[in-house]
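Engineer: First the structure, then my questions, so here it is.
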Amino acid sequence: MGDTPILHFEKLTKRFPGVLALDNVTFSVRRGEVHALVGENGAGKSTLIKIVTGVYQKTSGEIFFDGKPVYFANPHEALRNGIAAIYQEFNLIPALTVAENIFMGHHFVKRRFFVDWNRMRQEAQRLMRFLDVDIDVDQKVRDLGVAKKQVVEIAKALSHKARVLIMDEPTATLAQKEIEGLFRIIKFLKNEGVTVIYISHRLEEIYELCDRVTVLRDGRHVATQDVKDVTMDDLIRMMVGRGVTEKFPRTSHTIGEEVLRVEGLTRRGVLRDISFSLRRGEILGIAGMVGSGRTELLRAIYGVDPIDGGKIYIRGKEVRIRSPLDAINHGIALLPEERKVHGLVLLLSVLDNLGLPMLPFVSLRGFINDGRLKTIAQDMVHHMNIKTPSLYQKVMYLSGGNQQKVVLGKWFARNCDIYLFDEPTRGIDVGAKVEIYHLMNRLLERGASIIMVSSELPEVLAMSDRILVMREGRIVGELSREEATKEAILRLALGRREEYASVG
Ligand SMILES: Nc1ncnc2c1ncn2[C@@H]1O[C@H](COP(=O)(O)OP(=O)(O)OP(=O)(O)O)[C@@H](O)[C@H]1O
Ligand SMILES: [Mg+2]
């Protein structure tokens, strides 16, 4: 039995109304390997794992687990059989403690009827020690950050003796240090014989972590290979069906007069005395560690959070921005970090979502010009390569990355002067990233300016005209395009040389 793959997919097919999400997919996952699953947004990655774990039911085909055909009616059944998946939206109950979450649904019982809380706490502590992490098992889950929540999910899977652990874009919202912690745990679990299926759009991670990689394109299986046998360019070509020659297209544009100036912006405990200016036609990158105040800065400028002090000038005139509506009236747009919560109306169609911010521009005396709205929306879908069966599909049915593209499309479609982008390409595949950079260039050509917060250093370095680095709520440095290097940014962002050395 040693050679039987732990999982084998045979002609797996999944059809949604109007979409063939998986088309005769056949490949195997070997016992004890870390197996990467990659592909463009909408390629079928999440659908595949949702079928394995019983969230969705397959249309046809077969899944073999340990050589035997299996079928799980729901995630709980999959978990009981040793297959666990960790999604971006955690399945934890915020109001319960870490230990309660880990043992929810399979708690220990004493004297037949009573939940054995002590044993559960001890068992939870044992798991934390096993994973070598410092988490108080009596703490409420709502008080934990993303990284720790993820660890709780992993502990929960292990408490079920999971033999296969599936992770869908686990690093998308983690800071650099936390990513290192997660990788350590994954490598450790691999040594313990757990098989890991790893989905990510960050291809460098595949090379650091995975043994083999499977590429899906448009629901079809393209290849399964040893990671050491494929270059990143090969991988991209297999994912998008063509080579991506220019990863960071940047047109030269003229930088004009000052459009925004921030002086002494302060928000108690969050932002300290922030001053900078933004010029017409410029991309101002903001780098820094997660938690350094980058998102909070954008939110303060946009009027989401009140400020305790400081002044904002637009085109030289002081303005008061007390709400997002004020910001919008001054020509400012914010693409928030938490897309699902702030940026999208999941129950509405692609057309309605793309159209919402455009309404004032396509209505004539109160009547909406339907044709024009549709043309603009269709244009966006085309430019951003949004994978949807039609403009009328509800956004909740799109893949994660395609939902993000809709949020972006919303703002690109509208004419603003100042765009605040918070992690604009997070969760977006390699090909679509390039499209987003093209759209940014078009905004600049149109005379707009961009402030871009991003944790992806290659992106900040390649796309920004200037870079501000934040740490602990302050701006700790400004780098021109010429001065900016990965090392220079990290040195400022971390504040200490020793620490920077360990991040490499
Ligand atoms: N519940 C659903 N109803 C209808 N269509 C769906 C549903 N779930 C997924 N799809 C469609 O199936 C296709 C595959 O989606 P899936 O979520 O598997 O993509 P993915 O590879 O995970 O992409 P991403 O990188 O964006 O997360 C997409 O075209 C998506 O719109
Ligand atoms: Mg997905």
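This table checks each residue for (1) within 16 Å of ligand 1 (Cβ to nearest atom); (2) buried (at least 21 other Cβ atoms within 10 Å of the Cβ).
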{"residue": "Arg129", "(1), (2)": "no, no"}
{"residue": "Val164", "(1), (2)": "no, yes"}
{"residue": "Glu180", "(1), (2)": "no, no"}
{"residue": "Lys187", "(1), (2)": "no, no"}
{"residue": "Lys190", "(1), (2)": "no, no"}
{"residue": "Val194", "(1), (2)": "no, yes"}
{"residue": "Ile197", "(1), (2)": "yes, yes"}
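Engineer: What pairs come up if the first residue lies in the stretch 24-43 and is at pLDDT 95 or above, the second is within 10 Å of ligand 2 (Cβ to nearest atom) and assigned to a strand (DSSP E or B), and their beta carbons are under 8 Å apart, counting only those six or more places apart or on different chains?
Structural biologist: Ala36/Ile199; Leu37/Ile199; Val38/Ile199
Engineer: With the requirement that a residue be surrounded by fewer than 17 Cβ atoms within 10 Å (Cβ to Cβ) and either modelled with pLDDT under 90 or in contact with an Asp or Glu (Cβ under 8 Å, 6 or more places away or on another chain) (or both), what does the stretch 60-71 give you?
Structural biologist: Correct list: Glu62, Phe64, Pro69.
Engineer: Here is a follow-up. I'd like to check something: does the stretch 110-118 contain any residue that is part of a helix (DSSP H, G or I), touching a Phe, Trp or Tyr at 6+ places or on another chain (Cβ under 8 Å) and without any contact (Cβ under 8 Å) to a residue 60 or more places away in the chain?
Structural biologist: Scanning the stretch 110-118 turns up no residue that is part of a helix (DSSP H, G or I), touching a Phe, Trp or Tyr at 6+ places or on another chain (Cβ under 8 Å) and without any contact (Cβ under 8 Å) to a residue 60 or more places away in the chain.
Engineer: Here's a follow-up. Any residue in the stretch 428-438 that is of a type outside the set (Val, Ile, Thr) and touching a strand residue (DSSP E or B) at 6+ places or on another chain (Cβ under 8 Å)?
Structural biologist: For the stretch 428-438, residues of a type outside the set (Val, Ile, Thr) and touching a strand residue (DSSP E or B) at 6+ places or on another chain (Cβ under 8 Å): absent.
Engineer: Tell me the strands (runs of 3 or more DSSP E) entirely within the stretch 410-504 that contain at least 3 residues that are crowded, with 23+ Cβ neighbours inside 10 Å and modelled with pLDDT of 85 or more.
Structural biologist: 418-422, 449-453, 466-471
Engineer: For Ile102, only one of the following conditions fails: (1) surrounded by 15 or more Cβ atoms within 10 Å (Cβ to Cβ); (2) at pLDDT 95 or above; (3) more than 16 Å from ligand 1 (Cβ to nearest atom). What is its number?
Structural biologist: Result: Ile102 fails condition (2) only.
Engineer: Can you tell me which residue is modelled with the highest pLDDT among those in the stretch 383-401 that are closer than 13 Å to Ile436 by Cβ and within 16 Å of ligand 2 (Cβ to nearest atom)?
Structural biologist: Ile386
Engineer: Looking at Ile301, Ile286, which is the one that is outside the structural domain of Val19 (by TED's automatic domain parsing) and under 30 Å from Val38 (Cβ atoms)?
Structural biologist: Selected residue: Ile286, the only one of Ile301, Ile286 that is outside the structural domain of Val19 (by TED's automatic domain parsing) and under 30 Å from Val38 (Cβ atoms).
Engineer: Does the stretch 72-87 contain any residue that is closer than 24 Å to Gln393 by Cβ, surrounded by fewer than 22 Cβ atoms within 10 Å (Cβ to Cβ) and within 16 Å of ligand 2 (Cβ to nearest atom)?
Structural biologist: yes
Quick grid of which residues meet (1) in a helix (DSSP H, G or I); (2) in contact (Cβ under 8 Å) with a residue 40 or more places away in the chain:
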{"residue": "Val152", "(1), (2)": "yes, yes"}
{"residue": "Pro170", "(1), (2)": "no, yes"}
{"residue": "Lys177", "(1), (2)": "yes, yes"}
{"residue": "Leu182", "(1), (2)": "yes, no"}
{"residue": "Leu189", "(1), (2)": "yes, no"}
{"residue": "His201", "(1), (2)": "no, yes"}
{"residue": "Tyr207", "(1), (2)": "yes, no"}
{"residue": "Thr214", "(1), (2)": "no, yes"}
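Engineer: Now for a separate question. Counting only residues that are modelled with pLDDT under 80 and under 21 Å from the mean Cα position of the chain (by Cα), how many does the stretch 370-382 have?
Structural biologist: Adding up the residues that qualify gives 0.
Engineer: Still on this structure, please answer the following. Could you grab me the full set of residues in the stretch 249-270 that are modelled with pLDDT under 95 and closer than 27 Å to Lys486 by Cβ?
Structural biologist: Pro249, Arg250, Thr251, Ser252, His253, Ile255, Val270
Each row is one residue, and each column tells you yes or no for (1) free of Cβ contacts under 8 Å to residues at least 60 places away in the same chain; (2) aliphatic (A, V, I, L, M); (3) in contact with a Cys (Cβ under 9 Å, 6 or more places away or on another chain).
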residue: Leu420; (1), (2), (3): no, yes, no
residue: Ile436; (1), (2), (3): yes, yes, no
residue: Gly473; (1), (2), (3): no, no, no
residue: Glu478; (1), (2), (3): no, no, no
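Engineer: Further, regarding this structure: Output yes when any residue across the stretch 32-52 is basic (Lys, Arg), farther than 29 Å from Glu192 by Cα and outside any strand (DSSP E or B), and no when none is.
Structural biologist: no
Engineer: Still on this structure: In the stretch 266-289, which residues are over 30 Å from Ser252 (Cα atoms), part of a loop (DSSP other than H, G, I, E, B) and not basic (Lys, Arg)?
Structural biologist: Scanning the stretch 266-289 gives Gly269, Val270.
Engineer: Tell me whether the stretch 358-368 contains one or more residues that are part of a loop (DSSP other than H, G, I, E, B), farther than 22 Å from Pro17 by Cβ, at pLDDT below 85 and more than 16 Å from ligand 2 (Cβ to nearest atom).
Structural biologist: yes
Engineer: Of everything in the stretch 46-58 that's touching a residue at least 40 places away in the same chain (Cβ under 8 Å) and touching a helix residue (DSSP H, G or I) at 6+ places or on another chain (Cβ under 9 Å), which residue is nearest to ligand 2 (Cβ to nearest atom)?
Structural biologist: Ser46
Engineer: Of all residues in the stretch 391-418, how many are within 13 Å of ligand 1 (Cβ to nearest atom), touching a residue at least 60 places away in the same chain (Cβ under 8 Å) and touching a Ser or Thr at 6+ places or on another chain (Cβ under 7 Å)?
Structural biologist: So the answer is 5.
Engineer: A follow-up question, please. Being more than 9 Å from ligand 1 (Cβ to nearest atom), surrounded by 16 or more Cβ atoms within 10 Å (Cβ to Cβ) and among the charged types (D, E, K, R) is the filter here, so list the residues in the stretch 11-29 that pass it.
Structural biologist: If the condition is that a residue be more than 9 Å from ligand 1 (Cβ to nearest atom), surrounded by 16 or more Cβ atoms within 10 Å (Cβ to Cβ) and among the charged types (D, E, K, R), then Asp23 is the only one that fits.
Engineer: Test Asp211 against the stated conditions and say whether it is outside the structural domain of Thr59 (by TED's automatic domain parsing) and surrounded by fewer than 21 Cβ atoms within 10 Å (Cβ to Cβ).
Structural biologist: no
The values are calculated or read from the model by the stated rules, or taken from the named source; none is laboratory data. Everything quoted here is computed from the prediction, not taken from an experiment. Glycine gets a Cβ as well: all are built from the backbone with ideal geometry, and neighbour counts include every protein chain shown.
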